[in-house]
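Where a number appears in this text, it was derived from the coordinates with a stated rule and is not lab data. Predicted model, so just to flag it, every value in this text is computed and none were measured. As a convention, Cβ positions derive from the backbone with ideal geometry for all residues, glycine included, and neighbour counts pool all protein chains shown.
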Amino acid sequence: MRIAVIGAKGLPPLQGGIEHYCAELYPRMVAQGLSVDLFARASYTSTVWGKRYDYKGVNVIPLPGMKMRGVDAFITSALGAIASSGNHYDIIHFHALGPSLFTFLPRVVSSSKIVVTCQGLDWQRAKWGSFSSRLIQMGEQVAVKFAHGIIVVSDALQTYFQRTYGRQTVYIPNAPASYADSDSQFSYIQKLGLKKGHYILFLGRMVPEKRPDLLIEAFSKLQKTGWKLVLAGGVSDTKAYTTQLLEKISDNPNIVFAGELRGSRLAEIVRGAGLFALPSDLEGLPLAMLEAMREGIPVIASDIPPHQQLVAGRGILFEAGNIDSCTQALEWSIQHPQECAKMAKNAQTYLQNNYSWERITSDTTRLYIKLLNTPLPQDVLQADESRESGLAGVTGKK
C-alpha cells in the first residue's frame, strides 16, 4: 500500500502536535510493510526542496514555500496535493483542516482514497486573522465534501462534525509521544532554580487559546506556597503575544520561562513537575497532557470537552477562562498531594489501557484497508479482533 502524507511540516519533529503524531504513526506503518511519502516544508526541515531523505523508513519530500505566516503551509499543501495526485498512491492522507482545502485536487483527478485527520478546529485559533480563519474553515467544508474518510481525535470533534454537517467520522485518539531518558538527579531543573515536585508546569505553544496568561494571573494570586510556575514551549506565529507574557512575568522570580525544550531536558522538566496545568480554551486532544498523565504527573485543566474526556475523575478541572476557579484548583491541588497522587495513578492506568500508538496504527491501517475495500491482513485481524466495534464501517461509532 502506498501512502502520501500532506499537512505535516516535516520530520524529525521539532515542534507541533501533528509532527510528533506523524513521527510516531508512520514509522510503525513502514515497519508493517506499507510505503509512506511525507510531503514536508523545506523551511522546516532546513533542506533543499526536492531532495528526499529518509526518516525511520518514511520518505520525506521537502517542498518549496515562503517563510510567511500561513503562506508557507498554503503553498506546500497545494504542491503536495498536486504532486500526490499524479503518483498513483492508494491513500492520500491530509492532516489538519487548512491543508484539507486541497483535498478536491486528488479526489477529482486520481483514484486515490482521501483521508483527513482533524486534530482540532484550527479556524478558531486566535493567532489567525479573519481571512486565514475563513480559509481554514473552508478547508473543513471541502474535507467534509471530498474526503472518503475523516478521523477525529476526540469525542467532542466527532459530535461537532455530526451536528454541523451530518458527517460520520472515525474516532481514533492521540497517544503520548515517547520521551527520552532523563537525568535521575534532575540537574537541569536545579539550574533553573526549581525543586522536584514543587513546581507547576505549563507545556505547549505560547498561543492565546492555550491561555498561559490566565495561568500566570491565577498563580500570581496564590499565597506563598514555596512552589514555582514554569512555562515551557515554543512560539507559533505569536511573537507579540509571547513578548507580552515575558513582560508580565519579568518581575516575578517564582515564574520561570524555560522556552522550547526537547529530548532529555523536556523529559526531565515533565518528570520533575508536581502539577501539570493546561488552561486552554481550545484543544483537540492535547499530546502534552497525555504525556504528563503517562508520566504520573497530577493534572489541572480547564473544563472544555476534550479535557473532560481525559481528566474527569482523573485530575482537577476548573471553569475555562475563570481566573478565580483556576486559582482555587491550584491551591487545592498543592494542599492535597495524596489525593492528587491517587488521581494521577488512575490517569496513568487509564492511559495505558486506552491510548497506545500500536492501537492507533492498527486502527488507521484498518481504515485505509476498509476504504480500499481490500481484505484485512491476518496480523491486523488478530491485533484488532477484540475491538472490531472501534471502526464500524466508516461510521465513527465506538
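Values as computed for the structure displayed
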quantity	calculated
³J(HN,Hα) computed for each position of the range 211-226 - Karplus, 6.51 cos²θ - 1.76 cosθ + 1.60, integer Hz, glycine/proline x	6, x, 5, 5, 5, 4, 4, 5, 5, 5, 7, 5, 6, 4, 10, x
In sequence order, calculated HN-Hα J values of the range 302-317 (Karplus, 6.51, -1.76, 1.60; Hz; x Gly/Pro)	5, 8, 5, x, x, 5, 4, 4, 8, 9, 3, x, 10, x, 10, 10
In degrees, nearest ten, helix 71-85 long axis to first principal axis of the chain (Cα)	30 degrees
Cα gyration tensor category, rounded, prolate or oblate, for the range 187-354 with a/c compared to 1.5	rounded
Cut-off under 5 Å, modelled amide H: who pairs with GLY259 long-range	GLY233
Amide H contacts of LEU63 (H built 1.01 Å from N, under 5 Å, at least 5 apart or other chain)	ALA40, ARG41, ALA42, GLY50
Helix-derived mean residue ellipticity, 222 nm - over the chain, DSSP H n ≥ 4, -39500 (n - 2.57), to 500	-13000 deg cm²/dmol
Members of LYS9/LYS51; LYS56/LYS210; LYS195/LYS224; LYS191/LYS224 lying beyond 26 Å, as alpha-carbon distances in this model show	LYS56/LYS210
Cβ-Cβ FRET estimate between THR164 and VAL71, R0 fixed at 25 Å, reported to 0.05	0.35
14 Å beta-carbon shell around PHE94, net charge (K/R +1, D/E -1)	+1
For the range 170-186, Karplus couplings with θ = phi - 60° (6.51, -1.76, 1.60), whole Hz, Gly/Pro x	10, 8, 9, x, 6, 9, x, 6, 6, 9, 6, 5, 9, 5, 5, 8, 6
FRET efficiency, 1/(1 + (r/R0)^6) with R0 22 Å, evaluated for VAL48 and HIS88 via beta carbons	0.30
Cα long-axis angle, helix 155-165 against the chain (0 to 90 degrees, to the nearest 10)	50 degrees
Cross-link reach list, aspartates and glutamates versus LYS196, counting only Cα pairs under 17 Å and skipping chain neighbours closer than eight places	ASP181, ASP183, GLU268, GLU295
Sites LYS221 and ASN354 - FRET efficiency at Förster radius 41 Å, r taken between beta-carbons, to 0.05	0.70
Amide H contacts of GLY197 (H built 1.01 Å from N, under 5 Å, at least 5 apart or other chain)	ALA273, GLY274
Dipole axis of the range 187-354 (+1 Lys, Arg; -1 Asp, Glu on Cβ), positive-most option in MET206, PRO298, LEU194	LEU194
